[in-house]
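First comes the structure, then the notes that go with it.
The values are calculated or read from the model by the stated rules, or taken from the named source; none is laboratory data. Just so you know, these numbers come straight off a predicted model, no measurement behind them. Glycine also receives a Cβ, built like all others from the backbone with ideal geometry; neighbour counts cover every protein chain displayed. The area values use the complete protein model at the heavy-atom level, side chains included, leaving out ligands, DNA and RNA. Shrake-Rupley method; radii C 1.70, N 1.55, O 1.52, S 1.80 Å.
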Amino acid sequence: QGGHCVIGIPAAASTWIFAEGYTGEGFHEWLCLQNPGDDSATVRIDYHTQEAGALPSRWVEAPAGARVTVFVNDDAGRDYQLGVKLTVTAGPGIACERPMYFDYGGRDGGHDVAGFVP
(Lines give C-alpha, C1' and ligand atoms only; values in the text may rest on other atoms or scores of the structure.)
Protein backbone atom coordinates (compact mmCIF):
# COMPACT_ATOMS: atom_id res chain seq x y z
CA GLN A 1 0.00 0.00 0.00
CA GLY A 2 1.27 3.45 -0.72
CA GLY A 3 0.65 6.94 -1.89
CA HIS A 4 2.18 9.58 -4.04
CA CYS A 5 3.41 13.13 -4.19
CA VAL A 6 5.26 15.22 -6.75
CA ILE A 7 7.65 18.14 -6.60
CA GLY A 8 6.10 21.46 -7.56
CA ILE A 9 6.37 22.65 -11.15
CA PRO A 10 8.27 25.97 -11.27
CA ALA A 11 6.79 27.31 -14.52
CA ALA A 12 4.37 26.60 -17.32
CA ALA A 13 5.83 25.25 -20.58
CA SER A 14 4.69 24.46 -24.10
CA THR A 15 6.11 20.89 -24.21
CA TRP A 16 5.95 18.11 -21.61
CA ILE A 17 7.34 14.56 -21.95
CA PHE A 18 6.69 11.44 -19.85
CA ALA A 19 9.06 8.55 -20.43
CA GLU A 20 6.89 5.59 -19.52
CA GLY A 21 3.47 4.54 -18.41
CA TYR A 22 1.18 1.53 -18.48
CA THR A 23 -2.53 1.07 -19.13
CA GLY A 24 -2.76 -2.66 -18.39
CA GLU A 25 -5.12 -4.45 -16.02
CA GLY A 26 -4.97 -2.99 -12.52
CA PHE A 27 -3.17 0.20 -13.61
CA HIS A 28 -4.77 3.63 -14.02
CA GLU A 29 -2.73 6.34 -15.72
CA TRP A 30 -3.81 9.98 -15.78
CA LEU A 31 -2.55 13.27 -17.22
CA CYS A 32 -3.36 16.42 -15.25
CA LEU A 33 -3.00 19.65 -17.23
CA GLN A 34 -3.17 22.99 -15.46
CA ASN A 35 -3.53 26.17 -17.46
CA PRO A 36 -2.52 29.14 -15.28
CA GLY A 37 -2.93 31.55 -18.20
CA ASP A 38 -5.64 34.06 -19.07
CA ASP A 39 -6.44 32.37 -22.41
CA SER A 40 -7.44 28.85 -23.40
CA ALA A 41 -4.67 26.46 -24.50
CA THR A 42 -4.97 23.85 -27.24
CA VAL A 43 -2.83 20.80 -26.44
CA ARG A 44 -1.83 17.92 -28.73
CA ILE A 45 -1.23 14.60 -26.97
CA ASP A 46 1.03 12.10 -28.74
CA TYR A 47 1.25 8.56 -27.39
CA HIS A 48 4.17 6.32 -28.38
CA THR A 49 3.52 2.68 -27.50
CA GLN A 50 5.81 -0.30 -27.33
CA GLU A 51 3.08 -2.50 -28.80
CA ALA A 52 1.74 -0.41 -31.72
CA GLY A 53 4.19 2.45 -32.22
CA ALA A 54 2.83 5.98 -32.45
CA LEU A 55 -0.93 6.35 -32.03
CA PRO A 56 -2.97 9.08 -33.78
CA SER A 57 -2.65 12.43 -32.02
CA ARG A 58 -5.35 13.43 -29.57
CA TRP A 59 -6.38 17.02 -28.80
CA VAL A 60 -7.63 18.62 -25.61
CA GLU A 61 -8.63 22.16 -24.76
CA ALA A 62 -7.37 23.52 -21.41
CA PRO A 63 -9.55 26.51 -20.44
CA ALA A 64 -7.94 29.59 -18.88
CA GLY A 65 -7.28 29.17 -15.16
CA ALA A 66 -8.53 25.57 -15.13
CA ARG A 67 -7.31 21.99 -14.76
CA VAL A 68 -8.13 19.24 -17.26
CA THR A 69 -7.73 15.56 -16.39
CA VAL A 70 -7.22 12.91 -19.12
CA PHE A 71 -7.67 9.20 -18.28
CA VAL A 72 -4.94 7.69 -20.45
CA ASN A 73 -6.41 4.16 -20.25
CA ASP A 74 -9.47 5.43 -22.17
CA ASP A 75 -7.75 8.09 -24.28
CA ALA A 76 -4.86 5.97 -25.62
CA GLY A 77 -6.36 2.54 -25.01
CA ARG A 78 -5.85 -0.43 -22.73
CA ASP A 79 -2.81 -2.68 -22.39
CA TYR A 80 -0.17 -0.27 -23.66
CA GLN A 81 3.32 0.46 -22.40
CA LEU A 82 3.72 4.04 -23.55
CA GLY A 83 5.44 7.37 -23.44
CA VAL A 84 3.58 10.65 -23.84
CA LYS A 85 4.43 14.03 -25.33
CA LEU A 86 2.14 17.02 -24.81
CA THR A 87 2.57 20.08 -27.03
CA VAL A 88 0.70 23.36 -26.69
CA THR A 89 -0.22 24.33 -30.26
CA ALA A 90 -2.13 27.51 -29.37
CA GLY A 91 -2.37 29.64 -26.25
CA PRO A 92 -0.27 29.86 -23.11
CA GLY A 93 2.01 27.23 -21.61
CA ILE A 94 0.62 24.66 -19.18
CA ALA A 95 1.85 22.63 -16.21
CA CYS A 96 1.50 18.85 -16.46
CA GLU A 97 1.85 15.87 -14.13
CA ARG A 98 1.12 12.15 -14.47
CA PRO A 99 -0.43 10.30 -11.53
CA MET A 100 -0.60 6.51 -11.75
CA TYR A 101 -2.48 4.18 -9.45
CA PHE A 102 -2.23 0.41 -9.30
CA ASP A 103 -3.74 -2.69 -7.76
CA TYR A 104 -1.41 -5.45 -8.87
CA GLY A 105 -0.29 -8.73 -7.34
CA GLY A 106 -2.00 -7.99 -4.03
CA ARG A 107 -0.38 -4.57 -3.73
CA ASP A 108 -2.01 -1.24 -4.29
CA GLY A 109 -0.66 2.26 -4.36
CA GLY A 110 0.25 5.11 -6.60
CA HIS A 111 2.88 7.57 -7.65
CA ASP A 112 3.06 10.90 -9.40
CA VAL A 113 5.63 12.64 -11.53
CA ALA A 114 5.98 16.04 -13.16
CA GLY A 115 6.77 15.92 -16.85
CA PHE A 116 10.17 16.64 -18.37
CA VAL A 117 10.51 19.95 -20.16
CA PRO A 118 13.05 19.70 -23.02
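Calculate, in nm to one decimal, what A19 and R58 gain on full extension: separation in residues at 0.36 nm each, minus their alpha carbon distance.
On the way: separation 39, 0.36 × 39 = 14.04 nm, distance 1.77 nm.
The span from A19 to R58 would gain 12.3 nm if fully extended.
Placing a label point 7 Å from the Cα of Q81 along the Cα-to-Cβ direction, the residues of the range 31-53 with a backbone N closer than 15 Å are 48-53. FRET efficiency for the A11 to D74 pair, using the beta carbon distance and R₀ = 41 Å, is estimated at 0.90.
Rolling a 1.4 Å probe across the protein heavy atoms gives the chain an accessible surface of 53 Å² per residue.
Summing Lys, Arg as +1 and Asp, Glu as -1, what charge do residues with Cβ under 12 Å from the Cβ of F116 carry, F116 excluded? Present the calculation step by step, with values, prior to reporting the outcome.
Working: positive: K85, R98; negative: E20, E97.
Local net charge: 0.
When DSSP beta bridges are restricted to pairs lying wholly in the chain, around 100% turn out antiparallel.
Per the 1.4 Å probe, what fraction of the accessible area of the range 5-97, in percent, lies on carbon and sulfur atoms?
Numbers: 2390 of 4590 Å².
Of all accessible area on the range 5-97, carbon and sulfur atoms account for 52 percent.
What is the distance in Å between the Cα centroid of the range 9-44 and that of the range 66-89? So the separation of the two Cα centres works out to 7 Å. For the range 43-118, the Cα-based Rg and Dmax, in that order, read 13.7, 44 Å.
Helical runs (DSSP H, four residues minimum) scored at -39500 (n - 2.57) apiece and divided by the length of the chain put the mean residue ellipticity at 222 nm at -500 deg cm²/dmol.
In a shell of Cβ-Cβ distance under 13 Å around E97, excluding E97 itself, what net charge do Lys and Arg (+1) and Asp and Glu (-1) give?
Here the count lands on 0.
Going 7 Å from the Cα of A66 toward and past its Cβ, which residues in the range 81-95 have a backbone nitrogen under 16 Å from where you end up? Answer for this model: 91-92, 94-95.
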